[in-house]
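Have a look at the structure below before the remarks.
The values are calculated or read from the model by the stated rules, or taken from the named source; none is laboratory data. Just so we're clear, the structure is a prediction, and the values are computed from it rather than from any experiment. Methodologically, a virtual Cβ is constructed for each residue, glycine included, from the backbone with ideal geometry; neighbour enumeration extends over all protein chains shown. We work out accessible area using only protein heavy atoms, side chains counted, and drop any ligands, DNA or RNA first. Shrake-Rupley method; radii C 1.70, N 1.55, O 1.52, S 1.80 Å.
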Amino acid sequence: MNIFEIPQGQFTLNRYPVRKDEQLQAWDAADEYLLLHLHEQSLLTDSSKILILNDAFGALSISLAEYAPCSVSDSYVSHQAIIENARVNSISPKQISIQNNFQSVSGIVDLLIIKIPKNLAMLEDELFRIRDNCDENTVILASAMSKHIHSSTLKLFERILGTTTTSLARKKARLVMCKLNKELKPGKSPYPGQYKNDVTDEVYLNHANVFSREKLDLGSRFMLEHIPQSNHYTNILDLACGNGVLGITAAHLNPMAKVLFVDESFMAVESARLNAKNLLEDDSHCDFKVTDCLQGIEDASLDLILNNPPFHQNHVVGDFIAWQMFNEAKEKLKVGGEIMIVGNRHLGYHIKLKKLFGRCEMIASNKKFVILKAVK
Ligand SMILES: C[S@@+](CC[C@H](N)C(=O)[O-])C[C@H]1O[C@@H](n2cnc3c(N)ncnc32)[C@H](O)[C@@H]1O
């Protein structure tokens, strides 16, 4: 189940977070196809300078670790997965340089490998960011499951990098091959973009990979009407903050409280930081942290947690991350501290909160969403 066999070797690869009875693999046929192609076309040499984008759990970075690649991902969880899978395979994590998209990559790369993300805005932003690391000799190779490669995907490669072709499908995966055209003048990345939050009449900036980047999410909108205000709050957490809309509204209502914004997406946390700076009179009581759920937050330190939980990890839908967040939230709340969440009615979060906290109160509901509160 977790043994990954490709021409580069045999590796043990786990998804992250590690779950009991995991039914899903840490790689897909697109990873296999790409690594097979590199081998068959003899595209790897000892001196190859390799840049990998969007490797979810390390299938690409671990398989190519002997070439000391640079692996760039917006996901902190993916960073942790690569480090953990390197450890499991006795690969020094120092062999892979793990970065986020805001960290620049120096120089021209010989081989650019892109696992095509499901969010096209993210792909567009990434292609702009790495264009300067390519020249006409750079081999640019992208892959995804065929159902995630659309004509709009290929047009992005054509418009930003250069001539683009695709392979035949293999196990329902395809490769995208591209050659840099130096003559192209593609302009600049249009991100961060912005939208007007018409509940608070504020303009929010959103980096390319931020949740609900183009407009205020309906669940978040509903939650905004119910953010509590109290003199007792000294520490508030916007858990899974996205662009920070919940925490910034809480900061307006509770100006004496410290507000911590956390998310596993570097682009989300950076957007929240930008928005707090632009929208709050004083953002010195705000703090920002990229982490997995509530990792690294002090136990029994929080008065209020606001949360619109994620319901998928990449292409996999599920409530396992929400569950992890609620469990950790309980540890991090003070006695008497509150967690308030918004979720689709059908997700049954009240059952989970009740199980953990003993009681769960419904603060509000509409046709689609419920807002729930539990107290430690
Ligand atoms: C439904 S969005 C909510 C965003 C924002 N709070 C709002 O209401 O617009 C869920 C957020 O969870 C984040 N997320 C997913 N997995 C996470 C994890 N393991 N730890 C922290 N944040 C995570 C996503 O990056 C995303 O920003």
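Filtering Lys289, Lys334, Lys258 for residues that are away from the ligand (no atom under 11 Å from the Cβ) and in contact with a Leu (Cβ under 7 Å, 6 or more places away or on another chain) leaves a single hit, Lys334. State which residue pairs qualify: first residue within 20 Å of Asn243 (Cβ to Cβ) and inside segment 278-300, second residue in a strand (DSSP E or B) and open to solvent by 50 Å² or more (accessible area, probe 1.4 Å) in any location, beta carbons under 6 Å apart, and separation of 6 or more residues or different chains. Final answer for the pair search is His285/Lys258.
In the set (1) modelled with pLDDT of 95 or more; (2) of a type in the set (A, V, I, L, M); (3) within 21 Å of Leu347 (Cα to Cα), Leu280 fails one condition alone, (3). Just to verify a result, which residue in segment 261-275, among those that are within 11 Å of the ligand (Cβ to nearest atom) and surrounded by fewer than 23 Cβ atoms within 10 Å (Cβ to Cβ), is nearest to Gln194 (Cα to Cα)? Only one residue tops the list, namely Phe266. Each residue in segment 220-235 was checked for being of a type outside the set (Ser, Thr, Tyr) and either more than 24 Å from the chain's Cα centre (by Cα) or not assigned by TED's automatic domain parsing to the domain that holds Asn308 (or both), and 8 pass. Scanning segment 81-130 for residues that are farther than 15 Å from Leu51 by Cα, over 18 Å from the mean Cα position of the chain (by Cα) and modelled with pLDDT of 95 or more returns Asn85, Ala86, Arg87, Val88, Asn89, Ser90, Ile91. Restricting attention to segment 199-218, and to residues there that are polar (S, T, N, Q) and assigned to a loop (DSSP other than H, G, I, E, B), which single residue is farthest from the chain's Cα centre (by Cα)? Once the filter is applied, the top-ranked residue is Thr200. Within the option set Asn278, Asn308, being within 24 Å of the chain's Cα centre (by Cα), open to solvent by 40 Å² or more (accessible area, probe 1.4 Å), in the same structural domain as Pro228 (by TED's automatic domain parsing) and under 19 Å from Phe261 (Cα atoms) holds for one residue only, Asn278. So for segment 58-75 (the condition being within 16 Å of the ligand (Cβ to nearest atom) and of a type in the set (Ser, Thr, Tyr)), does at least one residue qualify? Scanning segment 58-75, I find at least one residue that is within 16 Å of the ligand (Cβ to nearest atom) and of a type in the set (Ser, Thr, Tyr), so the answer is yes. Considering only residues of segment 348-373 that are touching a strand residue (DSSP E or B) at 6+ places or on another chain (Cβ under 9 Å) and part of a helix (DSSP H, G or I), which is surrounded by the fewest Cβ atoms within 10 Å (Cβ to Cβ)? Step by step, filter segment 348-373, then rank; the result is Lys354. All of (1) touching a residue at least 40 places away in the same chain (Cβ under 8 Å); (2) over 14 Å from Cys178 (Cβ atoms) hold for His79 with one exception: (1). Scanning segment 315-326 turns up one or more residues that are open to solvent by less than 50 Å² (accessible area, probe 1.4 Å), small (Gly, Ala, Ser) and either within 22 Å of His232 (Cα to Cα) or touching a Leu at 6+ places or on another chain (Cβ under 9 Å) (or both). Of the residues making up segment 16-43, just one is at pLDDT below 95 and buried (at least 18 other Cβ atoms within 10 Å of the Cβ), namely Tyr16. Checked against (1) within 14 Å of the ligand (Cβ to nearest atom); (2) part of a loop (DSSP other than H, G, I, E, B); (3) out of contact with any Ser or Thr (no Cβ under 7 Å at 6 or more places or on another chain); (4) not acidic (Asp, Glu), Pro190 passes all but condition (1). Just name the residue that is most open to solvent (accessible area, probe 1.4 Å) out of those in segment 143-169 that are free of Cβ contacts under 8 Å to residues at least 40 places away in the same chain and assigned to a strand (DSSP E or B). Applying the filter and picking the extreme gives Thr165.
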